[in-house]
Amino acid sequence: MSYKIKTLSGYFQEYQKSIDQPEKFWGHVAENFIWKKPWDKVLSWNFEGPDIRWFENAKLNLTENIFERNLVTHGEKTAIIWEPNDPSEEERRISYNELFALTCQFSNALELQGIQKGDRVIIYMPMVPEAAIAMLACARIGAVHSVVFAGFSSTALADRINDCNAKMVITSDGNFRGNKNIEVKAVVDEALKNTNSIEKVIVYQRTNVEVTMKTGRDLWWHEVIQNESKTHVAATLDAEDLLFILYTSGSTGKPKGVVHTTAGYMVYSHYSFSNVFQYTEEDVYWCTADVGWITGHSYIVYGPLLEGATTLMFEGVPTYPHPGRFWEIVDKYQVNQFYTAPTAIRALQAYGLEPLESYSLESLKVIGSVGEPINEEAWHWYHDNIGKGKCPLVDTWWQTETGGIMISPLAGITPNKPAHASLPLPGIQPIIVDAEGNELKGNNVEGNLCIKFPWPSILRTTYGDHKRCKETYFSTYPGFYFTGDGVKRDHDGYLRILGRVDDVINVSGHRMGTAEVENAINEHPKVIESAVVGFPHNIKGQGIYAYVICDMKDKSEGELIQEIKDTVRKIIGPIAKPDAVQIVPGLPKTRSGKIMRRILRKVASKDISNLGDISTLLNPEIVSQIISGAGLE
Ligand code: WT7
């Protein structure tokens, strides 16, 4: 690729070009792809709408840039290495030629089952290559995929199906995760009781668990592809045709469907992959995320495959069957770039160095971090013990909405500074604003992180509700995209992300709206009111702490707490289950009826030294009751 940056001065030059002449810059990058018809204009935009169009009127198919563009040179190269949950099961290696054939077969099957351009298809699958194949097949025919993390509950799945009016679900019979065997198809069946748009369900056989197949609706993956051709003519899509919807949590209401479109996402997911990880031809690259999150979309599937890279997909969990599993996999496949989340690092750090002893980790050239701020201790542990002090560590800041990495060192190029996401990628114009929206220029400043100019993979809308997109991202500081994160620019001009400044918490790198968890808790018939806050958690980064006012008749406190946790698990999924539930007689409220979360956060953090002024509360006496209820006196 002619746009790979190789030196620090090269980075500064490219950065400057991208700011001075963004259209020329991205037009040049985009020339590296194949287009069925070139664009009329690189960019038209305003953030008021918002209305953002990249590579206007161009026609293309993203998968032609993965396959047709690369097959001549990379056909026999391994595209996906798949490592199963159980290390005694055989791995799979799928070449680009094979992946192309499988994608074409499945594209034909989708079309035969009535899926057309623009239809929404839900993918609710374990970490198997077929999850990626399903995504690619949708992209090939112009269907819009929406991958739902297979750990979400049937209620959460049904909500997403209904929100985007999906026509099909692609799933599996079951899912092996660690020592668990999850009955995925049964969750889908449950969800479909509360939806009415789904016409077909395709089921990939993974665990052989018994499932009920509804005649006329449910089909086996291996049967639908059986007679299908291994070639397929890619659909001609517009640059701004929807590529996918991915649901994510915000500070209010239900999760929203972040919309990404074809051309801009393609260009930026690849540009960022190539430059941040500095992948070179023979490398084996591994990102440990799940395809159910944006990290899996951009940096397991699209970015690496557009590069023609070998991307590793791991079905299991870091500690099964032993806490050295990650390092065993690194050695087994001689992984060169390894990309994971701080929560995984901290979890493994807790086992000490012994699980590392049998592994050399010599192959590693680059290590990466994503999903939440990485604390300095974890940064050093990762850098010293996994990167052996010699691998550059890329701390990559970005979001579901940004589609790709926004602020990060470029591996081996940008000098590392522990716990700093460092510098923006070319094309990215971050600014720091104060509470009034004034830009804080210069170094040694702290405030809210905004982006002042569009980049190719910025979200275009929130599905079915453009107003919500405007309100959430473009209204807090008019004229800018607001990220929801706090940030500091240090004396060297390096950026350090400080975490969310809104009512969003980050639990093990998963984003959770406090309101969403409260809504789930409130579904319990005995619950009167609840307030959820985050608190510092050694492994998860943040844990979930719920204060709940309950009707205490007929139930013990212990029973209620357990039932509340179960309710959340059932409504959202295990990742949202509160770590702590405290039954309280009341919640601290201001005279206007707003819950004073500041106090609740302090108590949850076991830090009551400085609660600030509580005299303005409607019910100041409640504070000491909550403190003693938390056992802090
Ligand atoms: C939020 C986005 C981006 C893929 C995974 C999460 C936090 C993400 C970092 C980082 C500090 C980070 C932010 C952001 N975050 N990466 N390197 N340092 N914080 O995607 O679920 O959309 O969450 O994750 O708070 O806003 P997401």
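Given 0.36 nm per residue, what is the gain on full extension from Ser358 to Lys6 after removing their alpha carbon distance, in nm?
Length difference between fully extended and current span is 123.3 nm.
Express as a percent, rounded to the nearest 5, the fraction of DSSP beta bridges in the chain (both residues included) that run antiparallel.
Close to 60 percent.
Do any of Lys36/Lys167; Lys254/Lys553; Lys193/Lys214 go past 22 Å between their Cα atoms, and which?
As for pairs spanning more than 22 Å Cα to Cα, those are Lys36/Lys167; Lys254/Lys553.
Spin-label point model (7 Å from Cα, Cβ direction): what's the Lys388 to His322 distance in nm?
2.0
I'd like the FRET efficiency for Glu523 and Lys37, computed as 1/(1 + (r/R0)^6) with the beta carbon distance as r and R0 of 56 Å, rounded to 0.05.
0.65
Give me the extension gain from Lys441 to Asn196: residue separation times 0.36 nm, minus the current Cα-Cα distance, reported in nm with one decimal.
My answer for the length gained is 83.0 nm.
Excluding same-chain residues fewer than 8 positions from Lys388, which lysines have a Cα within less than 28 Å of its Cα?
Of all the lysines, those that pass the test against Lys388 - Cα under 28 Å, at least 8 places apart if same chain - are Lys4, Lys6, Lys332, Lys365, Lys417, Lys540.
Let a ≥ b ≥ c be the square roots of the eigenvalues of the Cα gyration tensor of the range 178-233; is it rounded (a/c under 1.5), or, if not, prolate (a/b larger than b/c) or oblate?
oblate
Write down Rg/Rh for the chain, rounded to two decimals, with Rg from the C-alpha atoms and Rh from the Kirkwood relation over Cα pairs.
Rg/Rh for the chain comes to 0.95.
Shape call for the range 459-599 from the C-alpha gyration tensor, a ≥ b ≥ c root eigenvalues: rounded (a/c under 1.5), prolate (a/b greater than b/c) or oblate?
prolate
How high is the relative contact order of the range 454-506, in percent, counting Cα pairs under 8 Å that sit 6 or more residues apart?
20
So, by mean Cβ neighbours within 10 angstrom, what's the order for 401-409, 591-599 with the highest one leading?
Put in order of decreasing packing, that is 401-409, 591-599.
Counting pairs of alpha carbon atoms under 8 Å apart in space and at least six apart in sequence, what relative contact order in percent does the range 412-550 give?
18
Which loop-located GluC sites (Glu not before Pro) does the range 1-70 contain, where loop means any DSSP state but H, G, I, E or B and the Cβ has at most 13 other Cβ atoms within 10 Å?
Those that pass, being in a loop and sparsely packed, are Glu31, Glu48, Glu68.
For Asp554 and Met213, FRET efficiency with R0 = 30 Å and r from the beta-carbon atoms, rounded to 0.05?
0.10
Considering only protein heavy atoms, what per residue accessible area in square angstrom results for the chain with a 1.4 angstrom probe?
With all protein chains present, the chain gives 37 Å² per residue.
Counting alpha carbon pairs within less than 8 Å and at least 6 residues apart, what relative contact order, in whole percent, applies to the range 177-295?
Relative contact order of the range 177-295: 14 percent.
For the chain, give the percent of accessible area contributed by carbon and sulfur heavy atoms, probe 1.4 Å, rounded to a whole number.
Heavy-atom surface of the chain belonging to carbon and sulfur, 1.4 Å probe: 49 percent.
Tyr204 accessible area, nearest 10 Å², 1.4 Å probe?
40
Considering only DSSP states other than H, G, I, E and B, which GluC sites (Glu not before Pro) in the range 453-530 qualify as loop sites with at most 16 other Cβ atoms within 10 Å?
Answer by residue number: Glu523.
Lys230: which lysines have alpha carbons under 19 Å from its alpha carbon, excluding same-chain residues fewer than 8 sequence positions away?
Counting by Cα, and skipping residues close in sequence, Lys230 has these lysines nearby: Lys77.
Please report the base-10 log of the normalised intensity I(q)/I(0) for the range 366-433, using a Debye sum with one equal scatterer per alpha carbon and no solvent, at each q in 0.13, 0.21 (1/Å).
Listed by q, the Debye log ratios stand at -0.35, -0.85.
222 nm [θ] for the chain, helices only, -39500 (n - 2.57) per DSSP H run of 4+, per residue, to 500?
Using -39500 (n - 2.57) per qualifying helix, the result is -8000 deg cm²/dmol.
If you take the square roots of the eigenvalues of the alpha-carbon gyration tensor of the range 281-413 and sort them as a ≥ b ≥ c, do you get rounded (a/c under 1.5), prolate (a/b over b/c) or oblate?
Here the range 281-413 falls in the rounded category.
Do any of Lys117/Lys467; Lys526/Lys570; Lys59/Lys256 go past 19 Å between their Cα atoms, and which?
Over 19 Å apart, Cα to Cα: Lys117/Lys467; Lys59/Lys256.
What's the FRET efficiency of Glu282 with Gln562 using the Cβ-Cβ distance as r and R₀ = 45 Å, to the nearest 0.05?
0.30
Where the centroid of each part is defined by its Cα atoms, how far is the range 351-415 from the range 561-619 in Å?
If we compute the Cα centre of each part, the gap is 34 Å.
Using C-alpha positions alone, give me the convex hull volume of the range 479-544 per residue in cubic angstrom.
125
The range 499-559: which trypsin sites (Lys or Arg not before Pro) are DSSP loop and have at most 15 other beta-carbon atoms within 10 angstrom?
For trypsin sites (Lys or Arg not before Pro) across the range 499-559 that sit outside H, G, I, E and B with at most 15 neighbouring Cβ atoms in 10 Å, the list reads Lys553, Lys555.
The values are calculated or read from the model by the stated rules, or taken from the named source; none is laboratory data. The shown structure was predicted, so the numbers you read here are calculated from the model rather than taken from an experiment. Backbone-built Cβ (ideal geometry, glycine too); neighbour counts: all protein chains shown. In case anyone asks, the SASA skips ligands and DNA or RNA and just uses the protein heavy atoms, side chains included. Shrake-Rupley method; radii C 1.70, N 1.55, O 1.52, S 1.80 Å.
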